[in-house]
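Engineer: Dropping the structure in here first, questions after.
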Amino acid sequence: MPKEKPQLQDREFQLLLTTLGDSSEHGAHEYLNLHKRITTLFINWQSCAPEDLADETLNRLAHQLTEGKEINPASRSAYVHGIAKNISREHWRSCEDCKRRRIRSNDENDGDSLNSLPAIGSVPDKEEADEKERLLECLNECLEKMNEDERLLLLEYYSEDKTQKIVTRDRMATRLSVTSGALRQRVWKLRTPLRDCIDECAHG
Amino acid sequence: MERNDRHQRSEEEAGIIAYLLGRLNETESDHFEQRYLKEPDLFAEMMEIEDELIDDYAAGALSKEDRLRFEQHFLQSPERRKKVTFAMVMTERAVRLKNETERATSPAPAGKDTKQQGKVLPFNRLRRPVPAWRQWGAIAAAVLIAIAAGAVWLRNRQLHRELIAARDAEIHLREQAKQDSAHVEQSQTLLENEKQRSNVLETKVRDLSDQVRMLREQASRTTNLVAKIFMGAEYFSRITRGGSEGKVMTVRVPRKANSLSVQLEFAASAFEELSVAVLRADGSTLWVTPSNLKAQTKGNKQRLVLTIPTANLVSGNYKLLITSGDKQESVGRYSLKVVRF
């Protein structure tokens with residue numbers, strides 16, 4: 001039976017915000033940024049509920065600050081990392097279901113087997129085909145909303161598969177006189193809202 | 001071609017890929033994770049490379065070893081699997097479009113007759129006698145050339161005359177320029193004075209545009225922005241003796257949002273009309289629904305939709321308390337952690 005987690009008191013939360021930033025507003029920004037990074041940490045550790053565990057990490061940090069623990073800002077990230085790691089260990093100990101799921105998924109991925117995602121060019125079943133059709137419709141709809149230059153850039157970026165993809169990327173970077181990192185950043189800035197748009201269109 | 005072999009990458013990029021694919025040992029991973037918790041730029045770069053890796057996986061551009069590592073270490077989260085689906089759909093769409101464009105712009109398949117059109121003409125055609133119409137054509141061309149040459153000569157003579165006139169005008173203008181230069185000196189002094197005055201005005205304009213920007217920012221804060229959340233049954237807790245608390249939802253409310261639209265779902269109660277109160281951590285009431293809300297019942301669940309004004313909603317812990325319409329009986333509550341940013 002997992003023990004009840006103590007909830008964060010309001011004054012603890014306020015203390016956390018003022019520790020993270022110069023003002024409550026800045027602290028709230030920092031809180032959200034840190035929460036996002038800790039969530040990614042738990043995703044990379046293949047945890048089951050990364051957002052909840054990130055919440056728990058920040059709650060513990062807030063409890064410790066309230067108890068008078070002084071944390072040097074320079075070593076704060078190492079400290080937060082330590083808390084997150086402890087929580088992750090506890091999580092794996094208590095969450096038998098997650099453990100089983102992880103072992104099963106690792107077993108499934110042994111050898112040369114691809115996971116359940118359909119490969120490009122494979123024949124999908126009816127449900128998958130409908131879902132894909134819906135996504136394609138949403139993609140077209142969302143691409144239409146984009147500025148033409150940006151749409152063409154994205155379509156060119158995705159216009160090759162297999163190894164040609166990397167060649168295309170290099171060619172585009174050369175043509176646009178930017179580094180591959182700058183091209184990646186530009187595409188990332190276009191792709192993220194497009195993905196959100198498709199998500200909202202398909203499931204909203 | 002494998003991603004890391006031919007594609008030259010910086011050490012940092014290679015490190016990020018190694019981390020994402022689970023190639024680093026525990027000490028190296030710990031060190032890298034502590035860095036991305038601290039460095040926003042490194043975190044942003046990791047997010048970008050993560051997406052690029054997903055694109056490469058979806059396009060089948062990863063080596064066999066990387067593909068396996070990707071599936072084992074990277075693809076476990078539902079969010080990332082969703083990204084892979086997006087990348088696959090996007091690649092398929094773009095590849096299809098490219099093929100369609102290539103087909104549309106390539107020349108039409110040639111038939112027997114049209115094949116002849118592209119061929120080099122045989123040389124023996126040059127030996128045939130020249131037809132009469134070609135001879136008359138040559139004479140007409142010669143006459144036209146002669147007429148054109150005459151026209152050019154006439155035009156040349158006219159231009160020569162114009163050149164002489166222009167030289168006279170130049171002399172006249174030079175004299176005038178001398179007179180004007182005296183005026184220019186006077187004007188320059190005036191201009192200097194004007195420049196000084198213009199600098200002062202520019203500073204004033206800059207100050208004013210700063211003020212306008214600030215006013216616009218203030219105005220944008222007051223636009224009708226609504227933050228939306230959905231709280232499912234897992235966040236709901238009944239108010240019973242010894243009953244367990246539901247999960248706490250962290251709600252991000254932008255500073256400029258002036259209302260929070262909340263959709264609540266919970267195990268159906270005996271009441272159709274309900275009231276919701278927002279309570280602060282100290283138990284005081286921040287806001288109550290101005291009139292009773294009619295719950296939508298679907299199966300064994302009820303749904304409520306309400307809009308909470310955010311003017312007094314600051315970062316902190318809150319509870320949403322649901323009671324019967326007459327406020328005599330409690331139905332349950334939700335816990336929120338609000339972050340205003």
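The values are calculated or read from the model by the stated rules, or taken from the named source; none is laboratory data. Predicted model only: the values in this text are computed from it and were never measured. Cβ placement follows ideal geometry from the backbone for every residue including glycine, while neighbour counts extend to all protein chains displayed.
Engineer: Condition test on B:R93, is it modelled with pLDDT of 95 or more and of a type in the set (K, R)?
Structural biologist: Spelling it out, it is not the case that B:R93 is modelled with pLDDT of 95 or more and of a type in the set (K, R).
Engineer: Within region A:11-34, can you find the residues that are surrounded by fewer than 16 Cβ atoms within 10 Å (Cβ to Cβ), hydroxyl-bearing (S, T, Y) and at pLDDT 90 or above?
Structural biologist: A:T18
Engineer: Scan region B:192-201 and give yes if some residue there is within 30 Å of B:V331 (Cβ to Cβ) and either modelled with pLDDT of 85 or more or not assigned by TED's automatic domain parsing to the domain that holds B:Y334 (or both), otherwise no.
Structural biologist: No: zero hits.
Engineer: Name the residues in region A:62-84 that are at pLDDT 95 or above and not small (G, A, S), would you?
Structural biologist: Selection gives A:Y79, A:V80, A:H81, A:I83.
Engineer: More than 22 Å from A:R134 (Cβ to Cβ) and not polar (S, T, N, Q): does that describe B:A87?
Structural biologist: Answer is no for this residue.
Engineer: While we're on this one: Tell me which residues, restricted to region B:29-70, are more than 23 Å from the chain's Cα centre (by Cα), part of a loop (DSSP other than H, G, I, E, B) and at the interface with chain A (Cβ under 7 Å from one of its Cβ atoms).
Structural biologist: B:G60, B:A61
Engineer: Another one. Could you list, in sequence order, all residues of region A:187-201 that are facing chain B (nearest Cβ under 10 Å) and either farther than 21 Å from B:F43 by Cβ or surrounded by 16 or more Cβ atoms within 10 Å (Cβ to Cβ) (or both)?
Structural biologist: A:V187, A:W188, A:R191, A:L194, A:R195, A:I198, A:D199 - these are the residues of region A:187-201 that are facing chain B (nearest Cβ under 10 Å) and either farther than 21 Å from B:F43 by Cβ or surrounded by 16 or more Cβ atoms within 10 Å (Cβ to Cβ) (or both).
Engineer: Does region B:279-296 contain any residue that is touching a residue at least 12 places away in the same chain (Cβ under 8 Å) and touching a helix residue (DSSP H, G or I) at 6+ places or on another chain (Cβ under 7 Å)?
Structural biologist: yes
Engineer: Another question, if that's okay. Could you tell me which of the residues B:D66, B:D55 is under 24 Å from A:L152 (Cβ atoms) and buried (at least 17 other Cβ atoms within 10 Å of the Cβ)?
Structural biologist: None of the other options fit; the residue is B:D55.
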